[in-house]
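The values are calculated or read from the model by the stated rules, or taken from the named source; none is laboratory data. Model, not experiment: these values are computed from the prediction. Here the Cβ positions follow ideal geometry from the backbone for every residue, glycine too, while neighbour counts run over all protein chains shown. Ligands, DNA and RNA are stripped out before the accessible areas are found, and what is left, the full protein with its side chains, is counted by its heavy atoms. Shrake-Rupley method; radii C 1.70, N 1.55, O 1.52, S 1.80 Å.
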Amino acid sequence: MSSEGFSLVQEDEDLRVCWHDFQGSQTMPSLGEKLQGWLEVCVNFSGQARVALGKSGKFDISPGTVAHYIRPASECLDRMDSGKDPHRYLSLHMSRAWLKHLVAGQHTHATSVIQGFLENRRSARTAHIAGMDDSVKGIAQQLASPSIAASARPLWVRAKVLEIASHVFFPQETTSAEFFCHRQKRVARERVDRVIAALQRDLENPPTLQALGREVGCSPFYISRVFSEEKGMTISRYLRKLRLDKAAELLRTGNYNVTEAAMAVGYSSLSHFSKAFAEQFGACPCVFPLATH
């Protein structure tokens, strides 16, 4: 890994693959005239990114998503502050000539961004952003840490990039066997699981509803509604349950008193904590370990 927070996996006349891993905010500098007008794919593992596409405006890339877009001359990739997590993502840059040769006549089945890119339409300054599935995640992780002989690496890297492209550029084909309603339910469950993981990450200072929406790639209203449908309770009520469960766990250890357990999970009012605790467990926290024996 270089001091700039990225390592070059491969670069040739038609393809550039780079792994980025850094802490804090960072603006990625221009990569030169060569990549102007190339297609860029960002496989974003953690950290929030913002991409500026010239006059077409800006868009955010949340953790756990994959975006592809056409890179104009003025484009830059900014890392937005996301707290404790480092920013880790794989960037792929592909020339139009190379991708056009590979896709041949199948581009009409690809996303609108790919269609506009291969047809060289000036109006195609838009982005396509989707959740990162396990297949893409696994391939990207292999590219981030190649374990193959140097002589075989150029061929291997291109093969892995094409695997990612087949998943990302043709979303309808890769999910054609799955009924639409089933896919919607699966995506909803995945988003709810990511919300729960985000809440568990810091019970004392949980993310806001707006921050949760950005992290899972949808609006706060939508994720609030989906969460309630999946879990039968609101996000705030589920957060309270997580906090109280954690507090009970701390009390059982015998290493925390009631005040310490309450503060460790984000309660500033001991009376509010005691009332909520009693409602959930049927016992006051001061006698909880004894009352459950």
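Taking 0.36 nm per intervening residue step and subtracting the Cα-Cα distance, what contour gain separates His272 from Asn120 on full extension?
Values: separation 152, 0.36 × 152 = 54.72 nm, distance 6.09 nm.
Value of the extension gain: 48.6 nm.
So if we plug the beta-carbon distance of Ser151 and Lys185 into 1/(1 + (r/R0)^6) with R0 = 41 Å, what FRET efficiency do we get, rounded to 0.05?
On the way: r = 46 Å, r/R0 = 1.13.
The formula returns an efficiency of 0.35 here.
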Hey, rough spin-label estimate for Gln106 and Gln210, points 7 angstrom out along Cα→Cβ, what's it come to in nanometres?
4.3 nm
For Thr111, Thr259, give the ranking by accessible area with the largest first, probe 1.4 Å.
Thr259, Thr111
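Hey, with R₀ at 41 Å, roughly what FRET efficiency would Asp133 and Arg237 work out to, going by the Cβ-Cβ distance, to 0.05?
Numbers: r = 30 Å, r/R0 = 0.73.
After rounding to 0.05, the efficiency reads 0.85.
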